[in-house]
1. Testing the spin-label approximation: label points 7 Å from Cα along Cα→Cβ at Ser138 and Ala210. State their distance in nm.
2. Arrange the peptides 77-85, 216-224 so that the one whose residues have, on average, the most other Cβ atoms within 10 Å appears first.
3. What order, most packed first, do the peptides 187-198, 31-42 have when packing is the mean number of other Cβ atoms within 10 Å of each residue?
4. Quick one: net charge of Gly162's neighbours, Cβ under 9 Å, K/R +1, D/E -1?
5. Once the Cβ-Cβ distance between Ala78 and Thr125 is put in as r, and R0 is 25 Å, what FRET efficiency do you end up with, to the nearest 0.05?
6. Along the Cα→Cβ direction, 7 angstrom out, place labels at Asp320 and Ala336. What is the inter-label distance in nm?
7. Report the calculated FRET efficiency for Glu41 and Ala297 (r = Cβ-Cβ distance, R0 = 35 Å), to the nearest 0.05.
8. Sorted by mean Cβ packing within 10 Å, highest first, what order do the peptides 122-128, 138-144, 360-366 take?
Amino acid sequence: MTEVSTTRPARRNAQSASRADAGQAAVSAVRAFNVVVSRVERVSSNFRRITFGGACLTDFGVQGSTLDLRIKVMIPPAGGECADLGALMDGSGSGWYQQWLSLDASERGDMRTYTVRDSRCDQPTPELDVDFVMHFDSDGKGGPASQWAASAEPGDRVWLIGPNIHAATCSTAGAYGGIEWRPGLAQNVLLAGDETAVPAISAILESLPADISGHAFLEVPDGSDCQDIQTRSNVGISWLVRGGRPHGELLDAAVRQAVRVPGWVSLAAPFRVSLGSDTPSGQALAAAARAGGPERAAGPEPEDIDIDKTILWETPQLLDAAALDGSLNPDKPSGALPFYAWIAGEAAVVRGLRRYLVRDVGIDRKQVAFMGYWRQGKAEG
Ligand SMILES: Cc1cc2nc3c(=O)[nH]c(=O)nc-3n(C[C@H](O)[C@H](O)[C@H](O)COP(=O)(O)OP(=O)(O)OC[C@H]3O[C@@H](n4cnc5c(N)ncnc54)[C@H](O)[C@@H]3O)c2cc1C
């Protein structure tokens, strides 16, 4: 997933279109941005928002809303600075990644994937926000990205790799590899994710028009992590507070309760999940999960994915591409279906939901984007 891209909220379309039009030459769709931390905000117990600024961000972006746009954050090596990614990308074209990998560890740092929570790159002071989950083990040790974000201060510098607004190929969101939210004509949607997907789900919900309905489930560690998300859509929003439960238990149960067998096309009426970590609704959800699925499979068994060896990343657009090259039978084109689901989070949890939705409920895989955002016990990379 070294490709990246974004879009800008609808209200800024005219501005971003003119920024894009200004440079329609054949330039790389992806570039490196040397940015400075301009603000740090504690959003909640487990989220830290880092605002990045810098004149170079004038060139960052895509058209339309940013949705679930992913970028790479190059985490500097401890006590040092990252290599000059700008020079590496300018000099080596698409071979920059191999060149970066070949650098000495003391210079290379770590590359991690994050979502653009909000982008204001068309403003006189261009900025973008990234919400970092603060995850630490019982010894207080986190991965390089969470460690870096926990101690980041205004003035710190990092490299981001993201979409170049001037690239000719950036004229539609469909040209990017960095945005997966593609509901097509679907008006009934399901969004489900853990805390790492909260920035993406929030940005998607903020962009949805009023004629979209459905439900969004967000599992977070703590009651204080539930955020106020504005949406014009009729998508109900349920925050699932994990407390001491296993990761994904509540998310899995909530999706199973909302997308039932039979009659999955219309999601169950939105239900409120209390914010307390040990509430009756939480217990009811967990009990529903333990009750298991239907006895007979309604759809094909999806091929197993070894999440220890490979990234779980299955999206309608990838399946469309597979159909085009003959490795998958083309049936209905993905964008023409009435229901669309977007599921991201810990890979084993996403894999379980994939099996439930595809095999037990019988939902066409071309209606669901399944994305393992991280793997328990495995560092990214
Ligand atoms: C497309 C995409 C978008 C993403 N957007 C965001 C985002 O906006 N905000 C965000 O915070 N994350 C996001 N993530 C997830 C993030 O990339 C991973 O959590 C990443 O592993 C964090 O890097 P790290 O250096 O902190 O930990 P790593 O060095 O990768 O991992 C170290 C250890 O921490 C564990 N770990 C990693 N993440 C978590 C976690 N969240 N909770 C508990 N344990 C964890 C790993 O299993 C490993 O054992 C996104 C991932 C993808 C693929």
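The values are calculated or read from the model by the stated rules, or taken from the named source; none is laboratory data. On a predicted model such as this, the values are computed, not experimentally measured, just so you know. A quick note on method: Cβ atoms are made from the backbone with ideal geometry, for glycine too, and the neighbour counts reach across all protein chains shown. The area values use the complete protein model at the heavy-atom level, side chains included, leaving out ligands, DNA and RNA. Shrake-Rupley method; radii C 1.70, N 1.55, O 1.52, S 1.80 Å.
1. Inter-label distance under the simple model: 5.3 nm.
2. 216-224, 77-85
3. Order by mean packing, descending: 187-198, 31-42.
4. Working: positive: Arg31, Arg70, Lys72; negative: none.
Result for the neighbourhood of Gly162: +3.
5. On the way: r = 30 Å, r/R0 = 1.21.
Efficiency at R0 = 25 Å is approximately 0.25.
6. 1.2 nm
7. Details: r = 47 Å, r/R0 = 1.33.
It comes to 0.15.
8. Details: 122-128: 16.4, 138-144: 11.7, 360-366: 20.6.
Highest mean packing first, the order is 360-366, 122-128, 138-144.
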